[in-house]
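Written out below as C-alpha cells is the structure these notes cover.
The values are calculated or read from the model by the stated rules, or taken from the named source; none is laboratory data. These figures come from a predicted structure and were not determined experimentally. Neighbour counts run over all protein chains shown; Cβ positions are idealised from the backbone, glycine included. Surface areas here come from the heavy atoms of the whole protein model, side chains and all, with no ligands, DNA or RNA. Shrake-Rupley method; radii C 1.70, N 1.55, O 1.52, S 1.80 Å.
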Amino acid sequence: MGRIVAIVGRPNVGKSTLFNRLTESREAIVDKESGVTRDRNYGTSTWNGIDFSVIDTGGYVRNSDDIFEEEINKQVLLAIEEADIILFMVDVTYGIHELDAAITELLRKIEKKTFLVVNKVDNGQRLLDAAEFYRLGLGDYFPISSINGSGTGELMDAIVRNLSGQAPELIPDIPRVAIVGRPNVGKSSLVNSLLGEERNIVTPLAGTTRDSIYTRYNKYNHDFLLVDTAGLRKKAKVNEDIEFYAVMRAIKAIENSDVCLLLIDATRGIEAQDINIVSLIQRNSKGMIILVNKWDLVEKENNTALMYEKAIRSKTAPFVDYPIIFISAINKQRIHRILDLVDRVNNNRRRKIATSELNEVLLGIVRDNPPPAVRGKYIKIKYVTQLPTYSPSFAFFCNLPQHIKEPYRRYVENRLREQFDFSGVPLKVFFRKK
C-alpha cells in the first residue's frame, strides 16, 4: 500500500461524501474519536487491482475571520505533505469561492499531482456551468456527483493510472516490522540500538513510497525489514499539529508492515493516542508487541511491572492476548527479547490449522457450551474451517448464524487462543449459514 490520495477543499463541497464513495468497500481505519485524529477520516480504496489510502481533510473551518491563514494553510499542507495525489474539490452550484482561489494559490506552490474535481454536476446545465472552473488555471477538471456517483469512475481511472506508475521495487519476502508510537517515545533510539554499530550488515532498501525506507536487519539468526518511521521531519508547519502528522505516519507504517512494535512511554503510561494506534493495528490485522520504553526511569516496587501490564491490557480489552516487554532503548535493556518475539508473532500470524484438527478440538467445546437458544430455537454449530486470509480468520458454520451475539463470538475466540498460539495476532471469527 503506502500510496495516499488526499481530498482537500473548503467546507461543504462534498469531500466526506466522495470519501465515503471511494472507500465504501472497506471500513475507515481510524475512529472518529474527537481530539485523537481531529475528526479526519482515513480509509482505503481499491480500483482495478490498485490499493491506495484516502484522507478526508474535512471540517477544518471554525470561524470565517482568518480562515485561510489559521486553518486551511495549516491543515491542507499537512494532508498534502503525505499525499501522492491531491483531489481539489469545488462546488458547481456556488461557482468560484474566494477560498477556492486561495487554495489554488497554495497548490501551485507544491509540486504534487492535483486533480480538480467539480462536484454536484448532476444535469446538463451544471455540466456547462462547470466550465467556469477553467479560470482557476488548473487545466482540465473532473465533473462528478459524489452523491449519485456519476463521473467517479473516470476519476478513479485517472488516480490509479497515476499511482500504477509508482510500482514498488522488489522487496525481499521477509517479515516487515514497523516501530510505531507517539512522538518522543524513543522510536529512533530503538532503531539505533537494534541496528547497533554493525551497519555493514544492514542494507537500506528504497521502499514503496518516498518516505518508507526499509532497513534489513540480518543478525543473530533473525532476518526482517524494519519499516523506518522514526525521525518525524520537524517542519515549522508540522509542529503545530504533530499529533495528526504522527497518526498519518503511523497509518502508512502499519499498512506496510506484518508486525508492529508499539512503543509506550513508561513515565506517561498508555494514553488515548496509543489506544488509537492499537485499534489501527487490529483493524489492519497486523501482529502486535507492546514495548514499554524508558522503564529504567520508573520507580519500582515488587509488582510494578505486573500492575502496569494489567493497566495496559484493561485499556485495550477485549484484545488482550499480546506480548508486553519492559525495555530501555537507550540502555539496550531487554531489546534482544524483541527479536524472538517478532519471529513468534509473525509465525502466529501465518499459522494455518488443519480443518480436521480444528473440528476435533473445537466442536466438542461448542457442543458443551452452545450459543444461547433464541425463542426456543437451538443453534447448532456443525463445522469449522480456517479461511485463506492474510491473517487468521475462522468460519463456523451453523443453522442460525444471525442469532449469535458478540459475547459468544468472543467466547469462541478465547477458546481458539487457549488451544492454539495466536499471541500478538488479532483473530476474526465469522458465523455462516451451513
For this session: Scan region 108-150 for residues that are in contact with a Pro (Cβ under 7 Å, 6 or more places away or on another chain) and surrounded by 19 or more Cβ atoms within 10 Å (Cβ to Cβ) and report the count.
Result: 3
For this session: Hey, can you tell me all the residues within region 365-394 that are part of a loop (DSSP other than H, G, I, E, B), among the hydrophobic types (A, V, I, L, M, F, W, C) and surrounded by fewer than 19 Cβ atoms within 10 Å (Cβ to Cβ)?
Result: ALA373, LEU387
For this session: Among the residues of region 286-306, write down those that are without any contact (Cβ under 8 Å) to a residue 60 or more places away in the chain and closer than 24 Å to ASN184 by Cβ.
Result: ILE290, VAL292, TRP295, ASP296, LEU297, VAL298, GLU299, LYS300, THR304, ALA305
Exercise. Going through region 395-410 one residue at a time, which ones are part of a helix (DSSP H, G or I) and either open to solvent by 50 Å² or more (accessible area, probe 1.4 Å) or touching a strand residue (DSSP E or B) at 6+ places or on another chain (Cβ under 7 Å) (or both)?
Worked result: PRO401, GLN402, HIS403, GLU406, PRO407, ARG409, ARG410
For this session: Would you mind telling me which numbered condition in (1) assigned to a loop (DSSP other than H, G, I, E, B); (2) in contact with a Ser or Thr (Cβ under 8 Å, 6 or more places away or on another chain); (3) modelled with pLDDT of 80 or more VAL30 fails?
Result: (3)
